[in-house]
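Heads up, the thing below is written out as structure tokens.
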Amino acid sequence: MPALRSDAEVRQEAVETLTRDVRVDASHVEVHVANGVVTLRGFVGTSFERRVAEDIVRRVKGVRDLRNELQIAPRSTRSDAEIAADVRSALDRYPGFEAHRIAVRVQNGVVTLNGVVGSYAERANAEAAAWQSTGIVDVVNNLAIEPAMTRIDSEIANEVLIDLAHNLDLTRQKIQVEVQGGVVYLRGTVSSLDQKWQADEIAWWTTGVRDVINELTVEPPPSP
């Protein structure tokens, strides 16, 4: 039976991991832990850093939940028009999706992507292309997914279950999968916050999925 980790141990690993990762300037990031629930406070330069910090910490063993209260303090200032032009150019150059179906709006450094793409991969790539521009505070990805390939719900559900079973870090027996109109619902329990988001990622990459509703909860470890 795995030993419970103290809040101090969880915090120490979270701080060390954040400090080592070159994608985040953690000099103004504070980590608080109470009963396995981690709260991040302070400032980072971009929403990308904010999300990376969250992704790093949720992988720490012993984290039961995470509250990301990090605020964004941009390190450079550019006009919305300049940012919009850069994002538009980046999307037009990026291979793999029809950029003309994506509309770009920028307000106070926040880029909003609207339109339609054919898959989750295209949606993720469009956001990655947008982040290539400097001066961005955040990217709001409102792109809807209209799969080029139509599949019945039972086929999607079966593939998600198979992919979950192939992932050694997940306990399939505690995860229920339901699909309605291409929308995947994940329910049940997992043993860590990281597993919850692994399941989410697996479901999103399944062909034919329009959306994923992740209702998984993190089951507390057994008492020693």
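The values are calculated or read from the model by the stated rules, or taken from the named source; none is laboratory data. Predicted model, so just to flag it, every value in this text is computed and none were measured. Note: ideal-geometry Cβ built from the backbone for every residue, glycine included; neighbour counts use all protein chains shown.
Structure notes:
- Tally, over region 195-210, of residues that are surrounded by 19 or more Cβ atoms within 10 Å (Cβ to Cβ) and within 13 Å of R58 (Cα to Cα): 2
Rundown of residues vs (1) surrounded by 15 or more Cβ atoms within 10 Å (Cβ to Cβ); (2) under 20 Å from the mean Cα position of the chain (by Cα); (3) modelled with pLDDT under 85, yes/no style:
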| residue | (1), (2), (3) |
| --- | --- |
| N125 | yes, yes, no |
| V139 | yes, yes, no |
| N142 | no, yes, no |
| P147 | yes, no, yes |
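- Residue in region 30-51 that is among the polar types (S, T, N, Q) and touching a helix residue (DSSP H, G or I) at 6+ places or on another chain (Cβ under 8 Å) present: yes
- Residues of region 104-123 satisfying the condition of being of a type in the set (A, V, I, L, M, F, W, C) and either within 24 Å of G182 (Cα to Cα) or crowded, with 20+ Cβ neighbours inside 10 Å (or both): V104, V106, V111, L113, V116, V117, A121
- Residue-level analysis places R59 among those that are at pLDDT below 90, surrounded by 14 or more Cβ atoms within 10 Å (Cβ to Cβ) and either touching a helix residue (DSSP H, G or I) at 6+ places or on another chain (Cβ under 7 Å) or among the basic types (K, R) (or both).
- Restricting region 7-47 to residues that are polar (S, T, N, Q) and touching a strand residue (DSSP E or B) at 6+ places or on another chain (Cβ under 8 Å) leaves a set whose member that is surrounded by the fewest Cβ atoms within 10 Å (Cβ to Cβ) is T39.
- Region 62-80, subset in contact with a strand residue (DSSP E or B) (Cβ under 8 Å, 6 or more places away or on another chain) and not charged (D, E, K, R), residue surrounded by the fewest Cβ atoms within 10 Å (Cβ to Cβ): Q71
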